[in-house]
There are 2 protein chains.
Amino acid sequence: MGVAERKQRHKEQVKAAILEKAWQIATTEGWQTLSIRKIADAIEYSIPVIYTHFENKEAILFEFTRKGFSILSERLKEAKESRQESCQQLDAIAKAYFKFAFGNKEYYQLMFGLGMPPCETVSRVAEMKEFSDVIISVIQSAIQGSKNPDADAFLKFHAYWSILHGQVSLQMMNNNGNVSNDLKEKILEDSIAGFIKALVS
Amino acid sequence: MGVAERKQRHKEQVKAAILEKAWQIATTEGWQTLSIRKIADAIEYSIPVIYTHFENKEAILFEFTRKGFSILSERLKEAKESRQESCQQLDAIAKAYFKFAFGNKEYYQLMFGLGMPPCETVSRVAEMKEFSDVIISVIQSAIQGSKNPDADAFLKFHAYWSILHGQVSLQMMNNNGNVSNDLKEKILEDSIAGFIKALVS
DNA sequence: TAAAAAATATAACACTGTTAGCAAAATTAC
DNA sequence: GTAATTTTGCTAACAGTGTTATATTTTTTA
């Protein structure tokens, strides 16, 4: 008399199918085009069935965000355990992080809200040139006066910008967060000081 | 007989009104809720009028992206000119960048596709703790073996993560871009090396 | 076999961006 | 000053979206 069990099993199968098909659509067509209707079509059920398994669309996406962080953590752990010395571990972790991000773009974009409409536009904005020119010129000067005058200014510019954008972007997401305004500034100062130190070394 | 001129003037006024009202809506309700219908309502014209001034909604947003970069460039230039020495200029620019980002969130979020749905979720993901724990533990070890054993591991973790996320995020946007795979790795290695160097100083 | 409960579907609501087709106004030509 | 033409703007629709109230069908229980 395993009727309840059978039903439970079936329910889980449908839920799994929703996630599976959602992932399939996301990887082939992108997160932007993923819709409840498409999922319903793919699993060959009507739309409201999806809402018996997930509160709303966001909840489906959230599931993948969680899974993404779970996978990322695993990869970072592996990277850590591949080395003994902590500085080398930091190096390995960084590379693992990159590998995960570019090897699992669908996850990373969802996890951090990237890959959205304006992204391709960034590179089309003429005004951006002015922006990068300002910074590159300063970096060039700094390099010339440094102990390493052969450093690549373009490379350093990207590193510098990454520090800035990375911090802004992460801190903006985490706005409810446990990071105080004071600490934010400290983090920035510390990072920039580190960058400059490495630059003029 | 300035009839053509008058028409031209009127046309420009309407276009300006579209941008003005769009900005008003974005700043009070957020980019996500900005719609063509809302703009049409605000300027007291019908919907198709908007399409005689802009090809589509993206074109309206693009206008603000451009303006955002323009303002940012200006601020960075000012920061640069406020100092003489290039290292201090880099410092001032970094602070100006931050000030712009957090003082003009609407611009920054649009420029870099931030503030989108999944953003608030990031901090709600339990799986994230595991992720941060891995890295923090390594950083803690590195600090203990460094010449500066009193450094704040949490602060350093954020700096480290910012470097990673900043680079991933910028490079993913710029995917058509002029940055080769080779260079990407070089930039990463360089940044991480700089971070570690500053960490164990 | 009939009643109750669970599972599933249809159809609608309130939105979105975008556009085809038509009405009104303004301009030009006679 | 009237008629034809161009410009301007609006109505209404299309094709989507997420979400839900309301039925219907199916399954289980009595």
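Among the listed residues B:ARG83, B:ARG124, identify the single one that is within 30 Å of A:GLU78 (Cβ to Cβ), more than 7 Å from chain A (Cβ to nearest Cβ) and part of a loop (DSSP other than H, G, I, E, B). Selected residue: B:ARG124, the only one of B:ARG83, B:ARG124 that is within 30 Å of A:GLU78 (Cβ to Cβ), more than 7 Å from chain A (Cβ to nearest Cβ) and part of a loop (DSSP other than H, G, I, E, B).
Applying the set (1) within 14 Å of chain B (Cβ to nearest Cβ); (2) within 12 Å of DNA strand D (Cβ to nearest atom); (3) not basic (Lys, Arg) to A:GLY68 leaves exactly one unmet item: (2). Scanning region B:42-58 for residues that are surrounded by fewer than 16 Cβ atoms within 10 Å (Cβ to Cβ) and under 29 Å from the mean Cα position of the chain (by Cα) gives B:ALA42, B:TYR51, B:GLU55, B:ASN56, B:GLU58. Scanning region A:93-113 for residues being at positive phi and over 8 Å from the mean Cα position of the chain (by Cα) gives a total of 0. Got at least one residue in region A:28-38 being more than 8 Å from DNA strand D (Cβ to nearest atom), in contact (Cβ under 8 Å) with a residue 60 or more places away in the chain and either crowded, with 17+ Cβ neighbours inside 10 Å or more than 14 Å from chain B (Cβ to nearest Cβ) (or both)? For region A:28-38, residues more than 8 Å from DNA strand D (Cβ to nearest atom), in contact (Cβ under 8 Å) with a residue 60 or more places away in the chain and either crowded, with 17+ Cβ neighbours inside 10 Å or more than 14 Å from chain B (Cβ to nearest Cβ) (or both): present. Count of region A:9-37 residues, restricted to those that are in a helix (DSSP H, G or I), away from DNA strand C (no atom under 11 Å from the Cβ) and under 21 Å from A:GLY68 (Cβ atoms), is 17. Screening A:SER146 on (1) more than 7 Å from chain B (Cβ to nearest Cβ); (2) in a helix (DSSP H, G or I) shows it passes everything except condition (2).
Computed from the coordinates by the stated procedures, all read-outs in this text should not be read as laboratory data. In this text the structure is predicted, and so the values were computed from the model without any measurement. Neighbour counts run over all protein chains shown; Cβ positions are idealised from the backbone, glycine included.
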